[in-house]
Amino acid sequence: MLDAGTPCAGHTVEMAAAVAPGGDRCVLDGAKALAMTVIDHRTDPELREQERVAWEAGAR
């Protein structure tokens, strides 16, 4: 369970009622895409150089 560290409710009753089976799939797809991006970044020196140049040029 995630804890945002605040005393506010995480979801409304309406949001909880809108849960659908596809939601879990979307979360997993997003996590997989993020993991694959990290792998690309860690294994491709040319990509890291392009990122560095873009960062220094102010493309944030």
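Observations on the structure shown:
- The stretch 12-26, residues that are assigned to a helix (DSSP H, G or I) and either basic (Lys, Arg) or surrounded by 10 or more Cβ atoms within 10 Å (Cβ to Cβ) (or both): MET15, ALA16, GLY23, ASP24, ARG25, CYS26
- The stretch 28-60: number of residues that are modelled with pLDDT under 95, in a helix (DSSP H, G or I) and surrounded by fewer than 10 Cβ atoms within 10 Å (Cβ to Cβ): 1
The values are calculated or read from the model by the stated rules, or taken from the named source; none is laboratory data. A quick note: this is a predicted structure, and the numbers were derived from the prediction, not measured. Every residue, glycine as well, gets a Cβ built from its backbone with ideal geometry; the counts of neighbours run over all protein chains shown.
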